[in-house]
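What follows draws every value from the coordinates through simple rules; no lab data is involved. The shown structure was predicted, so the numbers you read here are calculated from the model rather than taken from an experiment. Note that each Cβ is placed from the backbone with ideal geometry, even for glycine, and that neighbours are counted across all protein chains shown.
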Amino acid sequence: MSALPDFDRFRGTATYIVDDGLAQAVNVALALARPLLIRGEPGTGKTVLAQEVAGALGLELVRWHVKSTTRAQDGLYVHDTVARLHDSRFGAGDVRDIARYIRLGPMGRALASSTRVVLLIDEVDKADLEFPNDLLHELDAMRFQITETGEEVVACERPFVVITSNNEKELPDAFLRRCVFHYIEFPTPELMRKIVRVHHADLEERLLDQCLEAFYALRGLTRLRKRPSTSELIDWIAALKHAGVDLARIGGGLPFLGALIKNETDLDTVRRARA
Amino acid sequence: MFEGFLYALRRHGVPVATQEWLVLQRALSLGLHESSLDGLHGVARALLVKDLGRYDAFDAAFLECFKGALAEAKTIREELRRWLDDPRRLATLSDEARALLESLTRDQLEQLLADRLREQQERHDGGSKWVGTGGTSPFGNSGSHPSGLRIGPGGGRQAMHVAEERRFREVRRDAVLDVRVIDVALRLLRELGRDGAEEELDLDESIARTAKNAGELEVVLRPPRRNRVKVVLLMDVGGSMDPHSHLASRLFTAASRAGRFARFRAYYFHNCVYEAVYADAHFHEPLSVADLLAGTDRDEKLVIVGDAAMHPSELLEPGGSLYFHTRNRTPGLAWMRLIRAHFRRAAWLNPEPERLWTGQTARVLSTLFPMHPLTLAGLEGAVRGLVRGVR
């Protein structure tokens with residue numbers, strides 16, 4: 001493999017602003033065909049990244065939302081035994097044809113797809129500790145076997161895998177070694193200005209200044225249990241715009257504080273800090 | 001120089017696997033770093049470091065290896081020039097700093113900066129000579145003295161400056177904990193077992209029974225796997241623990257999360273446990289230690305949070321309790337021993353850093369309980385001890 005002249009370069013999109021580090025991590029992962037592991041505070045756009053990369057490269061996005069009960073096997077395929085037992089008892093359909101009861105999971109669909117797709121494995125840290133280890137082989141080889149039918153699913157083109165995690169600490173080393181890792185830092189005020197502009201292009205400069213100032217002051221309170229994030233700032237500004245809030249009030253009280261602070265203790269902390 | 005970087009990383013405690021190093025070589029041969037130092041910083045970090053807690057160590061190693069390249073870089077000079085040309089920044093200087101600047105010509109200043117950068121081997125904070133942060137030298141970043149004297153680029157993100165700023169210092173692995181981090185560490189504290197309501201389909205058993213039943217469907221349910229671990233948390237509150245109350249309350253929040261443990265109880269004490277612990281932090285609802293132990297299985301895990309710092313008499317002498325006018329004829333230590341003897345596994349989390357555990361009471365208590373600092377590493381150590389019983 002040499003440096004591809006038409007190598008897909010991701011530079012952010014019109015609706016998604018990235019800093020250089022993130023763009024670089026995406027491009028390294030794309031070029032090396034390795035999974036990209038993204039970490040960062042909630043609300044910094046980890047999940048949206050996969051969507052935007054897929055959009056920018058014109059690929060289909062397959063999402064796999066991981067829950068605490070998710071097993072690695074579920075992502076590949078599920079043998080719907082209950083339906084089969086049901087059919088065997090009540091006689092609907094051909095029970096001998098196991099393939100009828102195999103349901104591909106998100107990862108299975110991504111590998112079986114005839115075109116290249118972007119596979120998003122969202123919040124991988126929510127699942128059991130062993131979950132990432134169970135996926136190692138499939139992520140490496142990009143193939144798996146359906147034991148029940150003996151059929152082998154092999155990816156025609158390696159999907160671009162984006163994995164998000166709120167905490168990479170507990171991911172196993174073997175898994176981490178295979179990934180390209182990037183931590184999305186909280187945007188600097190300058191970058192945040194650009195991000196807000198994307199969503200609220202018509203916002204007055206003065207109002208934006210005031211919003212950003214109030215927002216970063218809130219984030220500066222060390223005692224908050226959950227600091228407000230980018231997506232919350234955007235919602236908050238939307239609320240302010242919608243209500244046509246008098247700008248002068250921003251200097252005093254903070255209207256719609258609930259859009260930024262979602263926790264009673266934190267609300268108290270903010271009130272006390274601003275009193 | 002490049003192999004040197006690998007060993008510098010390892011020396012700084014970034015565990016780079018050979019496999020990862022080879023992938024980096026491939027990335028560089030593909031030109032992904034776009035032949036720039038910034039690019040190298042980004043690509044190398046994405047491929048070699050998988051743990052935010054080690055970003056800082058990576059930056060330190062990167063600086064160590066590529067600092068020479070920086071000192072020579074002309075961009076610095078240009079930036080200095082630009083900085084000096086901006087009168088607004090000069091206005092933010094203190095009189096002292098302005099006098100110092102005016103005593104030097106432009107060329108002298110540039111020469112001085114280049115010399116200092118070359119001389120300087122290590123990262124530097126504070127002080128009045130070296131380039132670094134928080135100092136009073138005419139060069140550097142975010143110093144307490146001329147805060148406007150920032151030679152880093154304004155909004156740019158050049159690698160050297162990112163590395164130089166070492167912004168990830170505060171997320172080092174030994175840093176303090178938020179609820180989420182505690183949550184993750186506590187997740188390892190588990191012993192799975194099947195107890196309780198039968199609400200999960202036991203497929204194998206259902207098939208076996210159905211087959212035995214000549215095809216007549218028989219569904220077998222079983223209880224889902226749950227964490228069996230039961231935890232008793234004893235928290236020292238008040239007095240010297242006040243500065244740590246936020247940390248302790250985060251631990252409490254994470255530990256009391258629904259469904260985390262099969263059973264979770266928290267009690268409070270002040271400095272040392274005597275006859276009773278208290279269900280509330282105001283010491284209104286006592287529960288005698290005898291009752292606590294009677295109602296607690298020996299396999300439950302005991303976690304004590306406290307600084308173990310008190311007057312020696314509070315721990316070692318009869319009648320040591322300062323606040324509770326009870327008949328404590330028995331010294332605190334005897335109560336502590338009694339509690340320790342009841343539990344098979346116990347851990348003590350101390351919010352003070354390890355180097356401060358020098359008081360007599362801390363030393364005595366740390367021989368009784370495995371004592372860990374209340375940091376991520378300490379919490380993980382405590383959890384490992386509680387699960388495996390390593391003392």
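Once you order the gyration tensor axes a ≥ b ≥ c over the Cα atoms, which shape class does chain A get: rounded for a/c under 1.5, otherwise prolate or oblate by comparing a/b with b/c?
prolate
Estimated from the Cβ-Cβ distance and a Förster radius of 51 angstrom, the FRET efficiency linking A:Ser231 and B:Ser313 is about 0.40.
Across peptide A:24-37, the average count of Cβ atoms from other chains found within 10 Å of a residue's Cβ is 4. Which FRET efficiency value, to the nearest 0.05, is calculated for B:Val219 and A:Val78 with the Förster distance at 22 angstrom and r the Cβ-Cβ distance? Working from the Cβ atoms, E equals 0.75.
Between B:Leu293 and B:Glu198, the contour length at 0.36 nm per residue exceeds the Cα-Cα span by 31.1 nm. For a modelled paramagnetic label at B:Val364, 7 Å from Cα along Cα-to-Cβ, the residues of segment B:259-280 in reach, with backbone nitrogen under 20 Å, are B:269-277.
Among the trypsin sites (Lys or Arg not before Pro) in segment A:70-172, those located in a DSSP loop and surrounded by at most 12 other Cβ atoms within 10 Å of their own Cβ are A:Arg96.
Dividing the summed helix terms, -39500 (n - 2.57) for each DSSP H run of n ≥ 4, by the number of residues in chain A produces a 222 nm estimate of -12500 deg cm²/dmol to the nearest 500. Remark: mean inter-chain Cβ contacts per residue of B:19-30 equal 3, using a 10 Å Cβ-Cβ cutoff to other protein chain atoms. Net charge of the neighbourhood of B:Tyr267, taken over other residues with C-beta under 15 Å away and scored Lys/Arg +1, Asp/Glu -1, is -2. Taking label positions 7 Å along the Cα-Cβ direction at both B:Leu338 and A:Thr13, the computed distance is 6.7 nm, reported to one decimal.
For trypsin sites (Lys or Arg not before Pro), no site in segment B:197-284 is both called loop by DSSP and has at most 12 other Cβ atoms within 10 Å.
R0 = 45 Å: FRET efficiency of A:Ala275 with A:Ala201, Cβ-based, nearest 0.05? In this case the efficiency is close to 0.80.
For segment A:31-139, GluC sites (Glu not before Pro) are listed when DSSP marks them as loop and at most 14 other Cβ atoms sit within 10 Å of their Cβ; the list is A:Glu130.
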